[in-house]
Amino acid sequence: MVVPRSGAEFCVTRFPQIVDYFREGDLLVLNDTRVIPARLLGRKETGGRIEVFLVRRLQGEREDWICMTRSSKPPRPGARLELGEGLEAIVLGEGDPPYQQVRFFCEEDFTSMLERIGRIPLPPYIRRDNTAEDRERYQTVFARSPGAVAAPTAGLHFTPEILAALESRGVIIAALTLHVGLGTFLPVRVEDVREHRMHGEAFQIPTETADAVNTAKREGRRVIALGTTSTRVLEYALDDAGRSQAGEGVSDLFIYPGFRFRIVDGLVTNFHLPRSTLLMLVSALAGRERTLGAYRQAVAEGFRFFSYGDCMLVL
C-alpha cells in the first residue's frame, strides 16, 4: 500500500511496483544487520531447565550480554548455567526488568559456538520450532552484520532483482547497521507515551552513508528509510545542525506523533501491532489519522500483518 503524506488517495499494488514510486537521485537507506541464533537451551546448576535469550552484547573483551531468561524460577546472580557442548555461563546480575546480565565461557570462538548450538528467534506467533531453513529465510538478502535478535522485516520484501531495478532507475542505496533488540517490540503500557522508555540498540553508521545522507539533504533529494530501524538511527545520530554523523553507539530514540523529522522523507515498513512503538513511528511520519485510515483499508482488503506480512510505502 502506498500512503502519500500529501493527503492523496492510498494506492494498492504489488510489491515489485515499488520501483515506480522512486525518483532518480532518491537515497534508500537500509539496515544490513543479520539475525543471530539468539536462543540457547540448557540447565541451571540445580538441574532445572532454562532458556537464555541473547538481547545485546556489552562492550568489552568478555562475552557479557544483556539477556532474558525463562525457567521455573529466575536464576539469581551468581547462578551457573550449562548450555551444551562446553558452553557455560554465569548470571552477573539483574538489569532493567526483564533483563539480566550474563557472562559466557567456552573454549572456542563464541560466535562459532552460537552458530552451531543456538536457535533462530522466530516471532512468538510462529508456533513451531525453528528449522535450518529459517536461518536464511529470516534474513534480508543484504544482511551482513551479525547481532540482531529480530529481522528488520520491511527488508524481507526486497530481492536482488528489485534492488537492481532501483539502482537502474538512479536510486542510490546506502547501508547502516542497527542490531534490532526485543525492546523494539515491547508494547506501550503507559497512558502518557512520553513516559515510555525505549531499550537501547547498538548501531553503526559508515562514513560513506553519513556523507550520502548529508549530500542528499543538501541537494534537496529524498531520503527514504527502509524500515523503522533505519529511521530511528537516521534521526538519532545527528549533530546540532541536523547533519548525519558517522560512528557507532546505542540508540534509544522513541519516535511518536509530534516528532520533527530532520532526515527521513519516506519510509518502507510493514503493518504493526496496536500500541506498538513501531505504529507510533509510522503515525509520526504519515499522520495519525492517515495511518489509521490506511490500516482500516488494509484490514478491509485482507492485508497480512507482522513480520512476514504485507508492506506500506509512506512518501
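The values are calculated or read from the model by the stated rules, or taken from the named source; none is laboratory data. All values reported here derive from a predicted model rather than from experimental measurement. For neighbour counting, all protein chains shown are included, and Cβ atoms are generated from backbone atoms with ideal geometry for every residue, glycine included.
Scan segment 195-222 for residues that are in contact (Cβ under 8 Å) with a residue 60 or more places away in the chain and touching a Ser or Thr at 6+ places or on another chain (Cβ under 9 Å) and report the count.
Going through segment 195-222, the residues in contact (Cβ under 8 Å) with a residue 60 or more places away in the chain turn out to be 196, 198-202, 209, 212-213, 216, 219, 221-222.
The next check asks that each one be touching a Ser or Thr at 6+ places or on another chain (Cβ under 9 Å); those that pass are 196, 198-202, 209, 212-213, 221.
Residues that pass the stated criteria total 10.
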- Query: Out of (1) buried (at least 16 other Cβ atoms within 10 Å of the Cβ); (2) free of Cβ contacts under 8 Å to residues at least 24 places away in the same chain; (3) not hydroxyl-bearing (Ser, Thr, Tyr), what's the single condition that is false for residue 100?
  - Reply: (2)
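Does residue 255 fit the bill of being part of a strand (DSSP E or B) and touching an Asp or Glu at 6+ places or on another chain (Cβ under 8 Å)?
The answer is no for residue 255.
Every residue, every condition in (1) of a type in the set (Lys, Arg); (2) within 22 Å of residue 59 (Cβ to Cβ); (3) in contact with a His (Cβ under 8 Å, 6 or more places away or on another chain), yes or no:
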residue: 95; (1), (2), (3): no, yes, no
residue: 104; (1), (2), (3): no, yes, no
residue: 109; (1), (2), (3): no, yes, no
residue: 118; (1), (2), (3): no, yes, no
residue: 123; (1), (2), (3): no, no, no
residue: 129; (1), (2), (3): no, no, no
residue: 135; (1), (2), (3): yes, no, no
residue: 140; (1), (2), (3): no, no, no
- Kindly establish whether residue 275 is within 18 Å of the chain's Cα centre (by Cα), farther than 20 Å from residue 13 by Cβ and surrounded by fewer than 15 Cβ atoms within 10 Å (Cβ to Cβ). yes
- Residue pairs within 8 Å by beta carbon, gap of at least six or interchain, first lying in segment 120-138 and acidic (Asp, Glu), second at pLDDT 80 or above, listed first then second, are 129/119; 134/120; 134/122
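Which residues, counting only those in segment 292-315, are touching a residue at least 24 places away in the same chain (Cβ under 8 Å) and either under 18 Å from residue 21 (Cβ atoms) or aliphatic (A, V, I, L, M) (or both)? Reasoning before the result, please.
Step one: list which residues in segment 292-315 are touching a residue at least 24 places away in the same chain (Cβ under 8 Å), which gives 293-295, 297-298, 301, 303-315.
Correct list: 294, 297, 298, 303, 310, 311, 312, 313, 314, 315.
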- Note on the structure: Just one listed residue, out of 41, 54, is under 19 Å from residue 202 (Cβ atoms), of a type in the set (A, V, I, L, M, F, W, C) and in contact with a helix residue (DSSP H, G or I) (Cβ under 9 Å, 6 or more places away or on another chain), and it is 54
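Considering only segment 249-265, state which residues are small (Gly, Ala, Ser) and in contact (Cβ under 8 Å) with a residue 60 or more places away in the chain. Please lay out each step first, then the result.
Initial filter on segment 249-265 (small (Gly, Ala, Ser)): 249, 251, 258.
Within segment 249-265, just 251 meets the criteria.
Yes or no, residue by residue, for (1) of a type in the set (Asp, Glu); (2) within 14 Å of the chain's Cα centre (by Cα):
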residue: 172; (1), (2): no, no
residue: 191; (1), (2): yes, no
residue: 204; (1), (2): no, yes
residue: 209; (1), (2): no, no
residue: 212; (1), (2): no, no
residue: 215; (1), (2): no, no
residue: 231; (1), (2): no, yes
residue: 248; (1), (2): yes, no
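Do you know which residues across segment 1-14 are out of contact with any Ser or Thr (no Cβ under 9 Å at 6 or more places or on another chain) and at negative phi?
Keep residues of segment 1-14 that are out of contact with any Ser or Thr (no Cβ under 9 Å at 6 or more places or on another chain), which gives 4-14.
Across segment 1-14, the qualifying residues are 4, 5, 6, 8, 9, 10, 11, 12, 13, 14.
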- Hey, among 93, 25, 7, which residue is within 30 Å of residue 286 (Cα to Cα) and modelled with pLDDT under 95? 7
- Query: Being buried (at least 17 other Cβ atoms within 10 Å of the Cβ), touching a residue at least 60 places away in the same chain (Cβ under 8 Å) and among the polar types (S, T, N, Q), is that true of even one residue in segment 279-290?
  - Reply: no
